[in-house]
Amino acid sequence: MPELPEVEVARRALEEHCVGKRIVRCSAADDTKVIDGVAPPRLEAALVGRTISAARRKGKNLWLALDSPPFPSFQFGMAGAIYIKGVELSKYKRSAVSPTEEWPLKYSKLLVVMDDGLEFSFTDKRRFAKIRFLDNPEAVPPISELGPDALFEPLHLDDFVESLSRKKAPIKALLLDQSFISGIGNWIADEVLYQARIHPMQTASMISKEKCKALHQCIIEVIEKSLEVGCNSSQYPENWIFHSREKKPGKAFVEGKKIDFITVGGRTSAYVPELQKLDGIDATASRAKISKEQSKSNKAAREVDDDEEEAKPAKRGRKQLVKATHEIQEDEEDTKASKRGRKQPAKTSKGSWKKAHHSSEGSGDDDSDDEAVDKVVAEQGKRRDPKQPAEAKSSSDKGGSAAPAKRPQRKKRQL
């Protein structure tokens, strides 16, 4: 994402190559999401014939001052960039355009041709940038809402310390707030906090005066160094966290020290825990939060263990009930066979049932076992149900002895 150094490199290139030249042709993309508040044909017609008198910037916003208003302004968003044909602007993003490459570029939103044949293009691949046409860009949002520019309007040290002392926000979130200081983005904020040895979550008002002074100096030095090398990140100092902040957690190190990642102000923040520590109340609150989270984690783990222990007896009891059910069924089959006068082998012997039972565990036989258990329990319940009619009592129930039934006598034949 372009930050102050990248936008300043583009401003300097436009100032060097385009100021004093007249626009002879212009082509605006039919993209009303990027070209805001003005129809593309009107923008094209209004720019042709105008002379560029200056290139200006505040924060991450750039605009061209023409010989008369209105002026085109550019808000770079996530992926906005200025390309000048034949001029290398920056190696932070691909900016040099060779004669063999397609021109204008695929994602060009505004192409401008100067009277000497020079051409420049504003591109935006992700379509979060904005091109506006304003009478006074500094007097309306977003530029009117910006705080002092980190490069052109740096706060005096005493004012900087005083301003931080009134802020209760985490310092990383405050640095990203463009109404506080404009131009600082995610990578610069991470870098200056690392260089100043300040934790991203440290409350701004809790930062010591010594660290405030270090932070103030680091903001100036990081911006100036990045501009000195034309935003060519390969030339940034080796001890900058910049080179490792895009790596995966566990594989990111700077000068042999591990880099961790947290979210502050809605943005991923890279920092070195060994060097950037919370101070004062923030440190106490952080330890309390960590302790609370660990307690919750331990409690959840214990509950899982208890549930597993409770499930084990129930599982064993079910297996025993299934086994008993099969044995009852086998006994009933043996009894029926005996009553018929011939011994029939049980469908499954006890030993073979055990073997079959073990081989079928986990194979989908649980449903049939459940049905068998329910059937046996239901039959046993019927036998014990007191509401069922009682069987006829034999004579022995009245105290007498039971006599065998006599066969009826056949009548004698008359001779």
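Checked against (1) within 30 Å of Gly147 (Cα to Cα); (2) free of Cβ contacts under 8 Å to residues at least 40 places away in the same chain; (3) among the charged types (D, E, K, R), Glu44 meets all criteria but (1).
Beta carbons closer than 6 Å, at least 6 apart along the sequence or on distinct chains, pair a first residue in region 116-141 that is more than 12 Å from Phe74 (Cα to Cα) with a second that is hydroxyl-bearing (Ser, Thr, Tyr) and not in a helix (DSSP H, G or I) for Lys125/Tyr107. Residues in region 119-141 that are outside any strand (DSSP E or B) and open to solvent by 30 Å² or more (accessible area, probe 1.4 Å): Lys125, Arg126, Arg127, Phe128, Asp135, Asn136, Glu138, Ala139, Val140, Pro141. Among residues of region 102-115 being among the charged types (D, E, K, R) and without any contact (Cβ under 8 Å) to a residue 40 or more places away in the chain, the one that is most open to solvent (accessible area, probe 1.4 Å) is Lys106. Please specify each residue of region 67-81 satisfying the condition of being open to solvent by 10 Å² or more (accessible area, probe 1.4 Å), in a strand (DSSP E or B) and either hydrophobic (A, V, I, L, M, F, W, C) or free of Cβ contacts under 8 Å to residues at least 40 places away in the same chain (or both). Phe71, Ala81, listed by residue number.
The values are calculated or read from the model by the stated rules, or taken from the named source; none is laboratory data. All values derive from a computational prediction rather than experimental measurement. Every residue, glycine as well, gets a Cβ built from its backbone with ideal geometry; the counts of neighbours run over all protein chains shown. SASA here: full protein model, heavy atoms, side chains in, ligands and nucleic acids out. Shrake-Rupley method; radii C 1.70, N 1.55, O 1.52, S 1.80 Å.
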